[in-house]
Amino acid sequence: ASNLTDVLRRLRGVQTTCQGGGCLVTFARCPFGCLPQYIVDGRPMPDFGPGTPIRDVYGIDVYAGSSETPAEVVGEGGWGTIVIWTRSAP
């Protein structure tokens, strides 16, 4: 895997769509292809990109729905949350 999309496309319940040089990550259970909420190093990051190099990522947790998401990371991601820890975390 060279980037976050390569890792996420292998996970059950996650769909990736790539076209025109960019990739979009959605959850399969969402009826309209809802985008996940990204929490990076404990902070919501709506602009976090699936093209992030995997060498910068220390760990990933994927919660495919609000019922799976722990209370400490619940936010605006009703259809799912992707929690990422990076090597440069404070």
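For Cα pairs less than 8 Å apart in space and 6+ apart in sequence, what is the mean separation divided by the residue count of the chain, i.e. the relative contact order in percent?
Taking the mean separation of contacting Cα pairs over the length of the chain, I get 30 percent.
Looking at the chain, the DSSP beta bridges with both ends there are about 80 percent antiparallel. A simple rule links phi to the HN-Hα coupling: the Karplus curve 6.51 cos²θ - 1.76 cosθ + 1.60 with θ = phi - 60°, which for segment 3-9 gives 8, 4, 4, 4, 6, 5, 5 Hz, with x for Gly and Pro. Distance between the 7 Å Cα→Cβ label points at Arg43 and Val73: 1.7 nm. Among the protein heavy atoms of the chain, carbon and sulfur supply 52% of the accessible surface, probe 1.4 Å, non-protein parts ignored.
Solvent-accessible surface of the chain, averaged per residue with a 1.4 angstrom probe and all protein chains in place: 62 square angstrom. Rolled with a 1.4 Å probe across the full set of protein chains, the surface gives Trp79 an accessible area near 110 Å². Tell me whether segment 8-74 comes out rounded, prolate or oblate; compute the Cα gyration tensor, take square roots of the eigenvalues as a ≥ b ≥ c, and use a/c under 1.5 as the rounded threshold. Here segment 8-74 falls in the oblate category.
Computed over neighbours whose Cβ is under 14 Å from that of Ala28, the net charge equals +3, Lys and Arg +1, Asp and Glu -1. In the chain, the DSSP-assigned H stretches of four residues or longer account for a calculated mean residue ellipticity at 222 nm of -1000 deg cm²/dmol, using -39500 (n - 2.57) per stretch and the full residue count as denominator.
The values are calculated or read from the model by the stated rules, or taken from the named source; none is laboratory data. This is a predicted model, so every value here is computed, not measured. Here the Cβ is made from the backbone with ideal geometry for all residues, glycine too, and neighbour counts use every protein chain on show. These accessible areas exclude ligands, DNA and RNA; they are computed on the full protein's heavy atoms, side chains included. Shrake-Rupley method; radii C 1.70, N 1.55, O 1.52, S 1.80 Å.
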